[in-house]
1. When you scan segment 49-64, how many residues do you find that are free of Cβ contacts under 8 Å to residues at least 60 places away in the same chain and touching a strand residue (DSSP E or B) at 6+ places or on another chain (Cβ under 6 Å)?
2. Can you find, within segment 111-146, the residue that is modelled with the lowest pLDDT among those that are of a type in the set (D, E, K, R) and surrounded by 14 or more Cβ atoms within 10 Å (Cβ to Cβ)?
3. Can you find a residue that is basic (Lys, Arg), at pLDDT 95 or above and out of contact with any His (no Cβ under 9 Å at 6 or more places or on another chain) anywhere in segment 93-103?
4. Looking only at strands (runs of 3 or more DSSP E) that fall completely inside segment 50-102, which ones have 2 or more residues that are under 11 Å from the mean Cα position of the chain (by Cα), of a type in the set (Val, Ile, Thr) and in the same structural domain as GLU121 (by TED's automatic domain parsing)?
5. Go through GLY70, GLY52 for me and flag whichever is touching a helix residue (DSSP H, G or I) at 6+ places or on another chain (Cβ under 6 Å) and closer than 18 Å to ARG129 by Cα.
6. Looking only at residues in segment 2-48 that are assigned to a strand (DSSP E or B) and at positive phi, which one is surrounded by the most Cβ atoms within 10 Å (Cβ to Cβ)?
7. Answer with yes or no whether PHE67 is on the phi < 0 side of the Ramachandran plot, in contact with a Leu (Cβ under 7 Å, 6 or more places away or on another chain) and without any contact (Cβ under 8 Å) to a residue 40 or more places away in the chain.
Amino acid sequence: MAPYKRPFHCEILTPLGSRCACDAVSVVFPAMDGQYGVMGGRTPLVTMLGAGVLSIEPVKGDTLEFFLSGGFATVRENTLVVLANECEIASEIDREAAWEAISTARAMADDTNEEFELRNEALEIARKRFALVQKKGKERKEGHDD
């Protein structure tokens, strides 16, 4: 293993329980202020999560991808803990349900400033989830063409 690929522990927790616990050499995740990358030995960090793809390069095995939205991430003592409001395994997201989430968000009331902000946040999350579903579908299709 390359010296810059020092392993660290990664955990993804949701209100429903643990979604992943593994040793990783790199993790990239969406934060409110952009994408963050974590490698072993990173300085301590606390940040709010955005919506998008969390990608884990484990010590052994293939890259793991999750769609998450909302919550916090913290790095301390060579451990990344992601506390996500929502987290789904990227390859298991249902295309129809993702599309329906966009329709549901579009139908939300937007009469007040608060309703408008909630609608826009729900729409942004739904669109990002659906974009991931489309990307995964395209990757699977291209994989079958080989």
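1. Qualifying residue count for the region: 10.
2. Out of the qualifying residues, it is LYS136.
3. Taking segment 93-103 as the starting set, the residues that turn out to be basic (Lys, Arg) are 95.
Filter once more, so that each one left must be at pLDDT 95 or above: none.
For segment 93-103, residues basic (Lys, Arg), at pLDDT 95 or above and out of contact with any His (no Cβ under 9 Å at 6 or more places or on another chain): absent.
4. Once the strands (runs of 3 or more DSSP E) in segment 50-102 are filtered for at least 2 residues that are under 11 Å from the mean Cα position of the chain (by Cα), of a type in the set (Val, Ile, Thr) and in the same structural domain as GLU121 (by TED's automatic domain parsing), nothing remains.
5. GLY52
6. We begin by selecting, within segment 2-48, every residue assigned to a strand (DSSP E or B); these are 8-14, 17-31, 34-39, 45-48.
Narrowing the set further to residues that are at positive phi leaves 17, 34.
On the way: GLY17: 6, GLY34: 8.
Here the answer is GLY34.
7. No: the conditions fail for PHE67.
The values are calculated or read from the model by the stated rules, or taken from the named source; none is laboratory data. Values in this document were obtained by computation on a predicted structure and should not be read as measured data. Cβ atoms come from the backbone with ideal geometry, glycine included; neighbour counts cover every protein chain shown.
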